[in-house]
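**Q** Mind looking over this structure? Questions follow.
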Amino acid sequence: MAGDTRSTVALLASLLLLSSLPLLSGAETSETVFAIEETSTQLNEWYAAGDTVEITAMFTNSGIQTSIENDPSCGVVLRVNDALGALLVDGTPACRGQSQSIDLAESETYSFDTLTWNLQLDDGQYVEPGIYTVSAYHSATQSIASIDIQVQTPVDVSTEIVLNLEVSSRLNPIQLNEEVILGVTLSNPTAQAVPLPSNDGCLIELSINEESSLAMPCFANFDSLEPYEQTLLGHILLKDASLIQGTNTIQASLPSQLLLNTMTFTLDQIDSIDTSFQSTLLTEVIQEGNEAKIYSHGDIYSSSLLMTNTETETVSLQFTNTCRAEMWIIDDSGDVVFDSRMLKNCNAVEIDYILDQNEQVQFRLPDWTFTDLEGCEIASGEYTLVAEIPEFHLSSIQNIHYEKVASAGCNDPLRVEMNPEVYSIEGGFDLTLEVTPFDGDVDMRWIGPCAVMVSIIDLSTIEEVHSQASMCDYYDGRHFVLPSGASPLELQIGSVDMVDMELQPLPEGQYQMILSLETNPQTRAGFVFSWPLVDEETTMEQSVEVVVEQQPRLVSGTWSGLQTDQGTCWMLESPDEGQLLLSSAILGQWAPRQGLSGTYTIVDAPAHRACENFQAASFQVRDVEIESQPQTIEPVAEQSNPEVQLSIQEQAESLVPPVIFVVTTGSLLSLLFTFVLSNETLRIPSTTAGLWLLGLLGRTHETTDGRYQRGRLMGYLTANPGCHFRALMAALEMSNGQITHHLRILESEEGIWRRKDGRLVRYYPLTNSLYPGMNEDDLPVPPLSPDPNSLQGKILTLLDRDGPLGEFPTQAELAVRLEKSQQLVSHHLRTLQKFGLVEKRKMGLKNRYKLTREAIFLLETNTDFTRED
């Protein structure tokens, strides 16, 4: 107990070699050590209001008899510093500079009177919560010894805010054998903003079944909690040692029991799990590639679980299924947004690991592309990854921060009414928006730096004439919960200037104002009004939003079709925009075909009924710029390659040398097809759940053709290690679903491995010379192979011919020579620049284009291109 007398906390703080003492011999010296001992009797390991810090300072002589100088007017005095080093309490003014000697015999200890501190400053006010350094200072010898203490004194915070507790588990009901996560949130249930103290040292006091501890900081990084806002303070992994079967009680509060909240929950034990290794094996989540732990749209979360034997004895582990290391992820409300075991079967297989002292084994965890169980992009906020080894109940957690850059139309709009209050001002109006929930509570998660977008549409021309962002740097990433029946949430949008895009005053007429709440999902409402406003205060009536005609854009990609109950859903796989769904085309008899590639003029459009269950963006084709027919490639005969036929034991030894890894029986993991709604690194790992949840694909069955196709895939990767996903799909003429399925199986069988390369994912055969973790510079660079007959190939050829002559064409000159539109050439030049094959340089008044070194090397090594010397 913290109140018991403690052993010396601060030793060897000051070593005094008193040179004034006589030496008995050249080998004998006198040595005195100044130290302190903490003798406080507080209830907990930290100090609260009403507790007293008690320390006793002492000199110990570890040498021959000696004496030390002392000031009898003060002896030792108390000093207290805060975490920044500022001196808050200083007892040295009591020292009057008197002198005396204290004799110390050999091995004698001399103790001074106990020093005390009541956690208060000279004015009687308690210090703020935090870490403080308490020191004993001996003025005569200028010796000092210190200890650090945690102080939990009261904070000044409104009692209207609420401290909430929520326990989460992967399963329901919560089981003793499953990981249990405690979430602590701070919420403001009122319609008024509540200020928060600016204190970094305050910690939540937590009691789990009467075992007390300190947890996360008390306050988020905000100056205040906005109306109806709630913020996650943190998640805690509850250890088995602190939980019991049956009823568990958890209490949490700020210092001095402020905002105290108590919850109880019941743990039911269903199955028996071996927990004997919990004190032996240490697990840790290893995050790859992003040290800041802040992610955004287009990123991929890659991680692994590292297990270490911390004991002296050798540990032998026997796994009985393929779910060796799994993960699940919860949001700040405790809801599960991802669960790797929903996407796979834990098939029977016996695998043994033998770990000596301090030896490690690392398990690769599934990649996550920040989509939830419904295939939608998650909202901005804090997420907690729970990585576990299910068979031995070992686990670790990792916090992830995600920042969404745009709202997705994946969920239904918020169930709110928006009522603008408009006050006329010179040249525009001042706008306040009241947001009221209906049909139950409303969960609002704000996205992006600006909370509200205001657009003005001229109803005479149906054109957008004004647009502005409002309430910037207010709500980005913040979470509001509007309770049903509560007072409206009031948003002070500010002034809206009635000027056009060129800042010219708008004429009199009828206009529509579109207000967009930048939440997840985005919610919009339209309001019609006449300008100028007649009254100083005007009420605008909500109206149906007017659709503004879109500007067409170019997109390139390859077509593939998927049969659904409503017909064929045609998908265009675009390197720039990911996977897009065809809504319609206004081109007469034109229709997409499997494997057809091209560049098209498109506009956004509602989804086709055959694609209505998918969440990707839909478009209408307005024009075909260029198209190429799918190439026919002869099937590659299945070949046996002895260089890639490693036993699983050999592979494991090459990956983790100290671990003995043996597969003894059982079947390998079967995987599901995946449907992808983003770029390549997102496409491959993330949305296996997409089609599975939509019911469009069932479990696959092993066939002779499947083994043949995987043989082709292995053969191609052996000849072209490092080939990326789209290149594999094109070279082997497999559909997106086929290539994903076979890559998954080969990965689960540990025949191949992959690594992220920018926005691409490259695949390698697993061999003695190619394995995960090897130096990037040692990896082979796959040859690029653009079609020389494609427009991009023709652009490269022209630039290759002009370069040696010192001629560098402009975009317009290339369009004339290729007899294509300048818009189309510009589109492909940007693509070539993105892949590092073409660079743009300002020469005179014009931008001109030339090949990069990589492109020159490509043309020199690719026999499909004919170069002129």
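The values are calculated or read from the model by the stated rules, or taken from the named source; none is laboratory data. For clarity, every value in this text was computed on a predicted model and none was experimentally measured. Quick reminder, even Gly has a Cβ in these numbers, built from the backbone with ideal geometry, and neighbours come from all protein chains shown. Only protein heavy atoms, including side chains, enter the accessible area calculation; ligands, DNA and RNA are left aside. Shrake-Rupley method; radii C 1.70, N 1.55, O 1.52, S 1.80 Å.
**Q** I'd like to verify a number: residues in the stretch 227-244 that are open to solvent by less than 40 Å² (accessible area, probe 1.4 Å) and not in a strand (DSSP E or B), how many?
**A** 4
**Q** Quick test of your reading of the structure: GLN42 fulfils all but one of (1) outside any strand (DSSP E or B); (2) open to solvent by 30 Å² or more (accessible area, probe 1.4 Å). Name the failing condition by number.
**A** (2)
**Q** For the stretch 245-275, enumerate the residues that are modelled with pLDDT of 85 or more and open to solvent by 60 Å² or more (accessible area, probe 1.4 Å).
**A** THR247, GLN251, SER256, GLN257, LEU260, THR262, THR264, THR266
**Q** Failed condition for VAL528, given (1) within 37 Å of the chain's Cα centre (by Cα); (2) modelled with pLDDT of 80 or more; (3) under 30 Å from VAL435 (Cβ atoms), with all others met?
**A** The one condition VAL528 does not meet is (1).
**Q** Looking only at the stretch 81-101, count every residue that is under 22 Å from ASN70 (Cβ atoms), free of Cβ contacts under 8 Å to residues at least 24 places away in the same chain and not in a strand (DSSP E or B) and tell me the total.
**A** 2
**Q** Still on this structure, I have one more. Go through (1) under 25 Å from GLU733 (Cα atoms); (2) at pLDDT 80 or above; (3) part of a strand (DSSP E or B) one by one and return the number of the condition THR601 breaks.
**A** Every condition holds for THR601 apart from (1).
**Q** From SER407, SER396, grab the single residue that is modelled with pLDDT under 85 and hydroxyl-bearing (Ser, Thr, Tyr).
**A** SER407
**Q** Got a number for residues in the stretch 795-841 being in contact with a strand residue (DSSP E or B) (Cβ under 8 Å, 6 or more places away or on another chain), over 23 Å from GLY598 (Cα atoms) and open to solvent by 70 Å² or more (accessible area, probe 1.4 Å)?
**A** So the answer is 2.
**Q** Condition test on PHE338, is it open to solvent by 10 Å² or more (accessible area, probe 1.4 Å), aromatic (Phe, Trp, Tyr) and modelled with pLDDT of 90 or more?
**A** Against the criterion (open to solvent by 10 Å² or more (accessible area, probe 1.4 Å), aromatic (Phe, Trp, Tyr) and modelled with pLDDT of 90 or more), PHE338 qualifies.
**Q** Among the residues of the stretch 195-215 satisfying the criterion of being within 28 Å of the chain's Cα centre (by Cα) and among the charged types (D, E, K, R), which is most open to solvent (accessible area, probe 1.4 Å)?
**A** ASP200
**Q** Of everything in the stretch 299-324, what is outside any strand (DSSP E or B) and open to solvent by 10 Å² or more (accessible area, probe 1.4 Å)? Give them in sequence order.
**A** Hits for the stretch 299-324 are ASP299, ILE300, SER302, THR310, GLU311, THR312, GLU313, THR314, THR322, ARG324.
**Q** Being under 18 Å from ARG324 (Cβ atoms), among the charged types (D, E, K, R) and open to solvent by 10 Å² or more (accessible area, probe 1.4 Å) is the filter here; which residues of the stretch 368-405 pass it?
**A** Passing the criteria: only GLU391.
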